[in-house]
Structure formats: structure tokens, C-alpha cells
Amino acid sequence: MQVIILKSAEEIGDYAADIILRDVARGSLNVLGVATGSSPLPVYAALERRWVPALSGLSAFALDEYVGLPYEHPESYHAVIHREVTERLRLDPANVHVPDGNAADLEQAALDYEKQITAAGGVDLQILGIGGSGHIGFNEPTSSLASRTRIKTLTPATREDNARFFPSIDDVPMHCMTQGLGTILDARKVVLVAQGTQKANAIARSVEGPVSSMCPGSALQLHPDAILLLDEEAASELTLREYYDFVAANRPDWQR
Ligand code: GLP
């Protein structure tokens, strides 16, 4: 796990864009895993600013979606991904996939989503945010570390966090369809971005805590190529805080 502490959300966005644009230029990134939430917005902004035509050739798979929210609802992840990712990165909408939270057969739709990811060759780079409880995607605490795309029930805390996007908490759906932790761990590279003190505890538990379903982000300790881009506040509860800077300052040339 690489822990990289940067000065601002803008720097985090640029750093993630550097990684993405480099992998696109090398030809090792064809399938991008995309996330909703406010944390990855600076990444999409940087990619929009530094747009290159090769970005249009990417396929994308979103992590999750609410169950039962109409596709055209502005807070459905179909709508959010279209607005924040497909349009800004100028992707072909036919190549952008979001779990179908309105399918008549939700269990089948979840299985089909896994098959679509596999058929596309798997996710090359997954962008992730993290929730205050340590959830990634919508994998709430106690999600199986081996879970695949499926229906989950949101915790009251997540519904409260997301109530800011809806007229009231009663309008926040109770269920979601989310890639599992096993699905996320199959991505070849993971770039998690987190800003603010409200993420500090989830980050400390994910990076330095035991691997536990009680903190789904800790599953990333099992990933061979996970990069965490944090601001000072999100890094503020890390015990080995100084070591991460030391590593960054002494990175060998071949690893830069
Ligand atoms: C939602 C999304 C997650 C996201 C989390 C944090 O629960 N399903 O993918 O990481 O919110 O959102 P934010 O980045 O706005 O704090």
C-alpha cells in the first residue's frame, strides 16, 4: 500500500490524473473503475482540464447504485456518473456501465454486472473514495472480504451522510447494488482518494488497523497495488505519519 500525503484536494486530483494519464499513454489502462461521492471530483476535474483524446477510448464501470431510484433522478448514480464522468471525460456512453438498481431481477442484474466486467477484461484502475464508516463502494461494515456485486442495505449513518443530496433522509434509498470487496480487489490497480478530518479514522483503520470486515477499506491491505492519496486532515490519525513522508522523500528513481 502506498500512502501519499498531499497538500490539497487539487493536488490529489492532479496526482491521480498523472497516474491515470500515464497508464492510458502506456496502453495498460483501458477499463477505468469510477466512483461517485465528492472525494473523486477533483480527479475528474483534473482529467477534464488535461483531457487527451485517448481518454475517450476508455470503458468505465461504476462501483454502485441505489436500488429503486429512477435512472433520471439527479442523484441516481446513473445520472451522477453521466454528469461527472461520461461528459467531463468525453467517454462514449455506450461504454459506461452502472449497476442496474431498477432491474426487475436484481440478483440476476448483479451477476450480469460481474460478467460484463469480466467480458471487458477486468478493471485496470479503480478510483475509490471512502465513507466515514470505512465503506468502499457501498460495502458497509461486515461486508464479506470476498463479496461480489450484490444488494446491500445501507447503514443509518450512510443514509444520514447522503441525505445532503436529497430533500430529506426519508428520500435516501435504503438499498443499493454494489460491487463487492472481492470485485474491487480484482482491479489491477486501486487509487483511493480521501480529504478531510471526517475521513481520518476510516483511513487510519484501513491502513494501520487489522484487516477486518468491520472496516471494509482495510481489505485494500490485501491488494498488491493500492495507492492512497490523502490530504493532511485525512492523514491526521495515522500512527506512521512521518514514515509515509520519509518513504516519499526517499523513493528510488526507478519508482518515481
Ligand atoms: C457513498 C459512495 C462511496 C463514496 C462515499 C463517500 O457512500 N457510495 O463510493 O466513497 O459515499 O463519499 P464522499 O466522497 O462524498 O465523502
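Given R₀ = 25 Å, what would the calculated FRET efficiency be for E233 paired with S212, taking r from the Cβ atoms and rounding to 0.05? Step by step, r from the Cβ atoms, then E = 0.60.
What is the extension gain from D245 to T142, computed as 0.36 nm multiplied by their sequence separation minus the C-alpha to C-alpha distance, in nm to one decimal?
Working: separation 103, 0.36 × 103 = 37.08 nm, distance 3.18 nm.
Additional length available on full extension: 33.9 nm.
Report the local net charge at L125: Lys and Arg +1, Asp and Glu -1, summed over other residues whose C-beta lies under 10 Å from its C-beta.
On the way: positive: R188, K189; negative: D23, D124, D225.
Counting the neighbours of L125, the net charge comes to -1.
Keeping all protein chains in place, calculate the accessible area per residue for region 102-256 (probe 1.4 angstrom), answer in Å².
Details: 7170 Å² over 155 residues.
The answer is 46 Å² per residue.
Taken one residue at a time, the phi angles of region 124-134 give Karplus couplings (6.51, -1.76, 1.60, θ = phi - 60°) of 7, 9, 9, 7, 9, x, 8, x, x, 7, x Hz. Gly and Pro are set to x.
Close amide-amide hydrogen proximity is noted between H97 and A60, F61, A62, each under 5 Å apart and 5 or more residues distant or on a separate chain (H modeled in the peptide plane; Pro and chain starts excluded).
What is the sum of charges, Lys and Arg at +1 and Asp and Glu at -1, for the other residues whose Cβ falls under 13 Å from the Cβ of A62?
Working: positive: R83; negative: D64, E65, E84, D100.
Net of charged neighbours comes to -3.
With a Förster radius of 25 Å, plug the Cβ-Cβ distance of K7 and S56 into 1/(1 + (r/R0)^6) and report the FRET value to the nearest 0.05.
Details: r = 31 Å, r/R0 = 1.23.
The pair K7/S56 has a calculated efficiency of 0.20.
Considering Cα pairs under 8 angstrom that are at least six residues apart, work out the relative contact order of the chain and quote it in whole percent. After rounding, I find 24 percent. Carbon-plus-sulfur accessible fraction, region 1-100 (probe radius 1.4 Å, protein heavy atoms only): 52%.
The stretch between I169 and D112, if pulled fully straight at 0.36 nm per residue, gains 17.5 nm over its current Cα-Cα span.
When only Cα pairs below 8 angstrom with a gap of at least 6 residues are kept, region 1-145 shows a relative contact order of 27 percent.
Leaving ligands, DNA and RNA out of it, report the carbon-plus-sulfur percent of the accessible area of region 111-256 at a 1.4 Å probe. Intermediate values should be presented prior to the final figure.
Numbers: 3670 of 6600 Å².
Heavy-atom surface of region 111-256 belonging to carbon and sulfur, 1.4 Å probe: 56 percent.
Lysines near K7 by alpha-carbon distance under 17 Å, same-chain residues fewer than 8 away left out - which ones? Within the straight-line cut-off, K7 pairs with K199.
What is the dipole size for the chain, taken about its Cα centre, with +1 at each Lys and Arg Cβ and -1 at each Asp and Glu Cβ, in debye to the nearest 20? Don't skip to the end; give the middle numbers.
Numbers: 21 positive and 34 negative charges, 112 e Å.
Computed charge dipole of the chain: roughly 540 debye.
Among the GluC sites (Glu not before Pro) within region 64-93, those in coil by DSSP and having at most 14 neighbouring Cβ atoms inside 10 Å are E72, E87. Within the chain, what percent of beta bridges assigned by DSSP are antiparallel, to the nearest 5? Within the chain, antiparallel bridges account for around 30 percent of the total.
The values are calculated or read from the model by the stated rules, or taken from the named source; none is laboratory data. Quick caveat, the model's predicted, so the values are computed rather than measured. Note: ideal-geometry Cβ built from the backbone for every residue, glycine included; neighbour counts use all protein chains shown. To get the accessible areas, we keep the full protein, side chains included, count just its heavy atoms, and leave off ligands, DNA and RNA. Shrake-Rupley method; radii C 1.70, N 1.55, O 1.52, S 1.80 Å.
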